[in-house]
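Since the structure comes first, as structure tokens, the remarks are kept for the end.
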Amino acid sequence: MIPPFSVPVYEPLPYALSGLSFTQLPLYTQRYLRNIAKSVSPHAPDVNSISVERSIISMGLFPSLLGNDMNLVDLRHEAIAMARDLERGIPPQASAQWHAAMEKWRLQKVFGTLLPERELIFNQFMIKFDALLWLDQEGRENYTPEDWQRYRDALLKPILDNTSKQLVALDKSFRNLPVNSGYNYRVPSLPYLPFGLSRRGRDASRARSWRSATRGTDSGEDWPRGRMLSRHS
């Protein structure tokens, strides 16, 4: 029986932008907001621009993780197959030391390459996600930092949950495939995607909210770092 997959869990840093003016925002956040403002017409109407942009970046997160997902799942099933072969003495010339060396290589690949890569993808996503949250002021002018944290957690949880579901679904798809075969995989549909919204409509809806938030200096700055809780098996 294949052991259950302990999915690595991303834990973002607490929300830290509440109460800041645009010029007080981190430079990477200012840069993202300016880039968004440049990508749309200054005369475009505001049609739920923040929620639409949030859906766009959320949908972009899933394909950006897919290669990492595939590598994690591939190494997991390779390790399971190697453990079974070791129990059966297959191949007979392979020693326990050889299997131990291969397992060491696998763990180095997971913890030294794949999980840091995954964390970076999430950190890049959180820059955009928190920038959009900072814009989302209407009706929330009296929010405390704790209120903003709860609001952010409520918006973020289904997105992070769906990234875990994507990884688990990919793991399940591997179980039904012969060794070295190709496969087809479709990213799970997401309830928060604005289906039916055209590309033109998405671009137009980005406009107004960040028009007033596009001034500031641009320079390099270290990005925020969430944590990847490593529970890969």
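Laboratory data are not the source of any read-out in this text; all were calculated from the coordinates shown. Worth saying up front: this structure is predicted, and the values here are computed from it rather than measured. In this analysis, Cβ positions are derived from the backbone assuming ideal geometry, glycine residues included, and neighbour counts consider all displayed protein chains.
Would you pull out the residues with amide H under 5 Å of Val9's amide H, same chain only if 5 or more places away, H placed 1.01 Å from N?
For Val9, whose amide H was placed from the backbone, the distant partners under 5 Å are Leu229, Arg231.
How many nm is it between the label spots at Ser6 and Ala100, if each spot is 7 Å from the Cα in line with the beta carbon?
Taking the simple label geometry, Ser6 and Ala100 are separated by 2.2 nm.
Residue separation times 0.36 nm, minus the C-alpha to C-alpha distance between Gln24 and Asn48: what's the value?
6.1 nm
First measure r as the distance between the Cβ atoms of Arg140 and Asp161, then evaluate 1/(1 + (r/R0)^6) with R0 = 22 Å and state the FRET efficiency to the nearest 0.05.
Efficiency, from the Cβ-Cβ distance: 0.40.
Among 111-118, 100-107, 130-137, how do they line up by average Cβ neighbours within 10 Å per residue, starting with the highest?
Taking the mean over residues of other Cβ atoms within 10 Å, the ranking is 130-137, 111-118, 100-107.
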